[in-house]
Amino acid sequence: MAEQALYEELVRQFSAFGAVKREMGRILPSDCPAGSAAVLTLLGRHGEMRMSRLAELLSVDMSVTSRHVAHLAERGWIERSPDPADKRSRLLHLTAAGEAQLDELSRRTTRLLAERLSDWTDEEVVRLTGLMARLRASFDDCRAAPSRPPRPPAPPQGARPVPDTRTPAATT
């Protein structure tokens, strides 16, 4: 039962974390809402990519991604160019203005975090960063994991089937 209480407290902390996200959203320029900032950040981190890849990284529908991209393109922060491998597709990349906007966003968020965490030690900030990265990776793993264990390949015709001795834990 203690384990359940731990997870219930974690849920409460996630709910309360909304206040942190809202405050971080308040420091964004009015013409660069959180979704747009996320697109700039991903293009800055991963470089040029197709819209489908961007939607995947954002974990949102293509229509939502398309709206963010249109908003950023209107401001001159990103460009869409034909994909040489597939002329029907477009590659998205930051412009110089987009890189400048991304730098400004980074300065603002870094300054806010430095102010709010000024009473934290460097070790505490490093630990929080590591735990958040691990949490995010756990959820990335959940999305990538198959919903059920893969079936073993069929034996060649005429061969005797080999029983599957894998334990459920070994198949995840």
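Quick notes on this structure:
- Residue match in segment 60-73 (condition: polar (S, T, N, Q), open to solvent by less than 30 Å² (accessible area, probe 1.4 Å) and in a strand (DSSP E or B)): no
- Failed item in (1) within 29 Å of E74 (Cα to Cα); (2) open to solvent by 80 Å² or more (accessible area, probe 1.4 Å); (3) over 16 Å from the mean Cα position of the chain (by Cα), with Q4 passing the rest: (1)
- Sole residue being at pLDDT 85 or above, surrounded by 10 or more Cβ atoms within 10 Å (Cβ to Cβ), more than 19 Å from the chain's Cα centre (by Cα) and among the acidic types (D, E), chosen from D119, D83: D83
- Matching residues, segment 78-110, being among the basic types (K, R) and in contact (Cβ under 8 Å) with a residue 12 or more places away in the chain: R80, R90, R108
- Extreme residue, nearest to the chain's Cα centre (by Cα), among residues of segment 18-42 that are surrounded by 10 or more Cβ atoms within 10 Å (Cβ to Cβ) and polar (S, T, N, Q): T41
- Members of segment 76-105 found to be touching a Pro at 6+ places or on another chain (Cβ under 9 Å) and more than 14 Å from S36 (Cα to Cα), listed by number: R88, S89, R90, L91
- The lone exception for S15 - which of (1) at pLDDT 95 or above; (2) exposed (fewer than 12 other Cβ atoms within 10 Å of the Cβ) it fails: (1)
- Segment 14-59, subset in a helix (DSSP H, G or I) and of a type in the set (S, T, N, Q), residue nearest to R116 (Cα to Cα): S15
- Of all residues in segment 44-55 being surrounded by 15 or more Cβ atoms within 10 Å (Cβ to Cβ) and within 12 Å of the chain's Cα centre (by Cα), the one that is farthest from P84 (Cα to Cα): A55
The values are calculated or read from the model by the stated rules, or taken from the named source; none is laboratory data. Values in this document were obtained by computation on a predicted structure and should not be read as measured data. With ideal geometry, Cβ positions are generated from the backbone for all residues, glycine too; neighbour counts draw on all protein chains shown. With ligands, DNA and RNA removed, areas are computed over all heavy atoms of the protein, side chains included. Shrake-Rupley method; radii C 1.70, N 1.55, O 1.52, S 1.80 Å.
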